[in-house]
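Asker: Take a look at this one; I'll ask things after.
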Amino acid sequence: MPATSQQEIAARERFAFGENWQRFLSILDESRIVRAEDSLCRMLGVSDLRGKTFLDIGCGSGLFSLAARRLGARVHCFDYDPQSVACAHQLRQRYFPEDPDWRIEQGSALDSSYLVGLGSFEVVYSWGVLHHTGAMWQALDNAAGLVAPDGKLFIAIYNDQGKISNRWRAIKRAYNRLPGGLRFLVTIPVLVHLYWRRTLKDFLRARPFETWRNEGKERGMSPWRDLIDWVGGLPFEVAKPEAILDFYLRRGFTLTRLTTCGGSLGCNEYVFVRTAAGKP
């Protein structure tokens with residue numbers, strides 16, 4: 001029998017994503033939700049999602065399922081981590097209690113028997129998730145099969161930096177192997193490494209901590225929770241944009257929007273439209 005997420009976390013092979021997102025909900029407010037809505041509309045090229053079916057693969061905090069529902073979509077979301085599932089339930093109870101148009105389940109992007117029962121959706125969304133499954137290319141393929149004809153697939157995948165990505169993978173393993181009380185020994189050096197130059201520039205421009213305050217702001221996220229997610233995020237896989245493009249072009253998709261992270265660490269964002277059946 002495959003290991004559960006809790007067993008993988010206990011074995012220090014997986015980061016406790018849901019625990020991190022539970023803490024994020026304590027700071028979630030209207031302004032963050034509105035920014036999440038705006039980011040969805042901007043990338044998808046729409047003003048709302050009224051009447052659309054929306055699948056959120058790996059819903060995490062539940063923020064983008066909430067955003068899609070507020071934009072008018074009929075939402076189905078799932079996550080592998082039961083604490084993330086609990087986050088989505090918490091948000092639905094807070095904003096859309098007993099709503100039949102927002103379904104929440106526990107499931108895996110690698111579980112073909114589960115996915116086949118979901119049907120197809122006009123928008124399939126999975127931001128920063130499929131590279132954490134432990135079998136990214138299988139997960140990417142499974143996601144493709146859930147997109148309806150002429151539907152959109154919006155994904156974000158970590159950029160492949162070669163040897164640098166390998167070093168980050170080692171850092172993530174070190175973080176997860178440490179007891180919780182000692183993980184600051186990894187987090188603080190990473191924080192300094194990633195931000196000291198930009199923070200210095202902010203001070204020189206008389207705009208102290210401007211970069212930090214704006215980190216992830218366009219998506220309504222928290223810079224600290226995103227940092228913890230980055231440092232701890234295991235499993236960890238990466239891909240170059242051309243590999244993702246080729247993968248989906250062969251499956252009958254057309255790229256309509258691409259936002260890269262400029263060759264650095266972080267995620268490249270892709271929006272594809274399913275225009276043909278394609279070949280696996």
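Asker: Here are F253, F247, F154: which of them is touching a Lys or Arg at 6+ places or on another chain (Cβ under 6 Å) and in contact (Cβ under 8 Å) with a residue 12 or more places away in the chain?
Answerer: From the options F253, F247, F154, the qualifying one is F253.
Asker: Next up: Those residues that are touching an Asp or Glu at 6+ places or on another chain (Cβ under 7 Å) and more than 21 Å from R250 (Cα to Cα), I need them from region 129-169; list them, please.
Answerer: none
Asker: Continuing with the same structure: Of all the helices (runs of 4 or more DSSP H) wholly in region 117-235, which have at least 1 residues that are of a type in the set (G, A, S) and touching a Leu at 6+ places or on another chain (Cβ under 9 Å)?
Answerer: 136-144, 163-177
Asker: Follow-up. Can you name the residue in region 260-280 that is under 17 Å from E215 (Cβ atoms), out of contact with any Asp or Glu (no Cβ under 9 Å at 6 or more places or on another chain) and assigned to a loop (DSSP other than H, G, I, E, B) and, of all such residues, is modelled with the highest pLDDT?
Answerer: Applying the filter and picking the extreme gives G266.
Asker: Check region 236-259 and report whether any residue there is surrounded by fewer than 17 Cβ atoms within 10 Å (Cβ to Cβ), under 22 Å from the mean Cα position of the chain (by Cα) and in a loop (DSSP other than H, G, I, E, B).
Answerer: Checking region 236-259: at least one residue is surrounded by fewer than 17 Cβ atoms within 10 Å (Cβ to Cβ), under 22 Å from the mean Cα position of the chain (by Cα) and in a loop (DSSP other than H, G, I, E, B).
Asker: Taking the criterion of being in a loop (DSSP other than H, G, I, E, B) and buried (at least 23 other Cβ atoms within 10 Å of the Cβ), would at least one residue in region 84-106 satisfy it?
Answerer: No, region 84-106 has no match at all.
Asker: Tell me whether region 24-40 contains one or more residues that are over 17 Å from the mean Cα position of the chain (by Cα), under 20 Å from T259 (Cβ atoms) and of a type in the set (S, T, Y).
Answerer: Within region 24-40, none of the residues are over 17 Å from the mean Cα position of the chain (by Cα), under 20 Å from T259 (Cβ atoms) and of a type in the set (S, T, Y).
Asker: Related question: Look at region 109-126 and say how many of its residues are closer than 14 Å to L55 by Cα, of a type outside the set (V, I, T) and surrounded by fewer than 22 Cβ atoms within 10 Å (Cβ to Cβ).
Answerer: 7
Asker: I'm trying to understand the selection: among the residues of region 3-58, which are among the polar types (S, T, N, Q) and in contact with a strand residue (DSSP E or B) (Cβ under 8 Å, 6 or more places away or on another chain)?
Answerer: Hit for region 3-58 is T53, nothing else.
Asker: Would you mention how many residues in region 51-83 are in contact with a Gly (Cβ under 6 Å, 6 or more places away or on another chain) and surrounded by fewer than 20 Cβ atoms within 10 Å (Cβ to Cβ)?
Answerer: The total comes to 1.
The values are calculated or read from the model by the stated rules, or taken from the named source; none is laboratory data. All of these numbers come straight from a predicted model, not from anything done at the bench. Note that we place each Cβ from the backbone using ideal geometry, even for glycine, and neighbour counts take in every protein chain shown.
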